[in-house]
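The values are calculated or read from the model by the stated rules, or taken from the named source; none is laboratory data. Please read these numbers as outputs of a predicted model, since none were measured by experiment. All Cβ positions, glycine included, derive from the backbone under ideal geometry; neighbour counts span all protein chains shown.
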Amino acid sequence: MLLLVLLVSNCLTCHVKARPAPSSSLTTATNACKATLYPGACESLLLSTSQVADGPKTVGEIFDLSVHAAIQGFKSTRSLAYDLSLSAQKLSSSSSSSSSSGGGGGSVGHESYLPSTAMDDCVELLDHSLGQLTKILDTKTRPTLSGDDVRTWLSAALTHHTTCLEGLDEQARKFPKERDMVHQSAQTMDHHISNSLALHKLDHDHDAVEEKEKSSYSSNHHDYPGWMSRKDRKLLEASVEDLEVKAVVAKDGRGTHKTIGEALEFVSTLAGGGRNVIHVTAGTYSESSLKISRSSPNIMLVGDGKGNTVITGSKSAGGGSTTFGSASFGVSGDGFMARDISFENNAGPAKHQAVALLVSSDKSVFYRCSIVGYQDTLYTLSNRQFYRETDIYGTVDFIFAHVRPKELHNRPRSIRPESKHRNLDPRLPGCRHSDLASAKNPTYLGRPWKQHSRTVYLESFLDGSISSAGWYPWAGGGSPSSVFYGEYMNSGPGSGTSGRVHWPGYHAALSTAEATEFTVARLISGTQWLPSTGVGFDSGLHP
């Protein structure tokens, strides 16, 4: 299959003088393109390969062609963003030098920093997607992938693309030329990724049904996937003394490292590819731009308890960062685990978006943690995430979701979902949604920031701070008719639905069948990978 893609890539540069009449296989392929959101982009790929004897004949082959085209688009846009970032950095450096020597370029130097920050975000986001998209077509990794893997990574690619552009819009309005260059470059790759999702669904509808059935067969938490070691299963419950720790962080110098950044740098050099556990002892760690990159998978941070081990920062949109770049701690390396740690952003409520924790790590787990901030406290950017016994504190839009997270036994106060990016949705089963003090103003369960926002509360406790309307409209944002907001078997003084909004997309009483689609087993295939982490979970609804 990969050879076919390479041949197609070569053909795209050929000059075709004549084109034969469409074959029956091409006609069939064209019908498949009609099932996509952007049939023109799909059909243009078919036309570019119509001279090739082994051109795409099946939906699966068209899917490969579409993903390959998306990869080429991501590479091109990533290269453009990188070049623009370097140019902006040079301009900023030059302007700063001019300002320090008495020149009048101070304001230019400050402004030129802005697109550099957003462009750097784009490079990081597009790099992440390139890694996941490449695995979809890689002949070595492809046989091991599930349909959920493919759908999740394609959806993540769309999310990363959107986040890149949103960052440019946040901070690069004074540089429309650079922003527009990236927007134009990114448009076609967005179409190809969207089409790839549609084609995959068309080709794997039966497989998706089988996967859902398998995911709900068993709630036995001792069923572990074969690719995980037995040690990994007990990490979340074992005492620190029983863990095979690779590094110890202690501010007083009693560990192997004094900073988390140094410990992360150290474990990234270790060979073996296994789980790298870092014990972060009690203390408050304020380190600039703490990130675990996609090249560092399977890292686990173990603290000494919520409020004892604290990772903090103060970057914010009000202080000049993008929302993406404001995170006190960010992780994109797959298989990340954290337990007994607090993640905080202390920028304050006047600084607007200020992220405490940003997560794009696939199959990541957070256990007995706390996440503290004001606006956009937890940014669940992309991929599959699981939260248990984790307290999330904030005021405005404090769970900012592009993704399909599962938060169990948490205590959030209000939520803003992002747009329904294809395979992504926040679900809040078993939560305790409560105010820390008597609120003067009502609290809302969520508000639609973009089209197709989707949030569901399952079997949660809602206290008296919740507005009787429940959900708050976003002025100028997504139409309420496009949202999917639902509630199922919630309790508490704020759980009554008689006074809720009357939006077409609001469902005051989901059926059991509807609610089941948002459980751990169905939504994130949790029974297939969560048991290996050792964290307890409820795979379905309560009886």
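Only a single item in (1) closer than 26 Å to G335 by Cα; (2) among the acidic types (D, E); (3) in a helix (DSSP H, G or I); (4) at pLDDT 65 or above is not met by E237, and it is number (3). Listed here are the strands (runs of 3 or more DSSP E) enclosed by the range 250-315 that have at least 2 residues being in contact with a strand residue (DSSP E or B) (Cβ under 8 Å, 6 or more places away or on another chain), in the same structural domain as K351 (by TED's automatic domain parsing) and of a type in the set (A, V, I, L, M): 276-280, 290-292, 299-302, 309-313. Of the residues making up the range 339-382, those that are of a type in the set (S, T, N, Q) and either more than 18 Å from the chain's Cα centre (by Cα) or farther than 26 Å from E170 by Cα (or both) are S342, N345, N346, S364, S370.
Selection of the range 325-337 for residues being part of a strand (DSSP E or B) and modelled with pLDDT of 95 or more yields F329, G330, V331. Of I278, I311, I299, I260, all but one fail to be surrounded by 14 or more Cβ atoms within 10 Å (Cβ to Cβ), at pLDDT 95 or above and closer than 24 Å to V150 by Cα; the exception is I299.
Would you confirm whether any residue within the range 474-492 is assigned by TED's automatic domain parsing to the domain that holds F400, in contact with a His (Cβ under 6 Å, 6 or more places away or on another chain), surrounded by 15 or more Cβ atoms within 10 Å (Cβ to Cβ) and at pLDDT 85 or above? Yes. Among residues that are in contact with a helix residue (DSSP H, G or I) (Cβ under 9 Å, 6 or more places away or on another chain), at pLDDT 95 or above, crowded, with 22+ Cβ neighbours inside 10 Å and not charged (D, E, K, R), V249 is included.
Each residue in the range 427-473 was checked for being modelled with pLDDT under 70 and outside any loop (DSSP other than H, G, I, E, B), and 5 pass.
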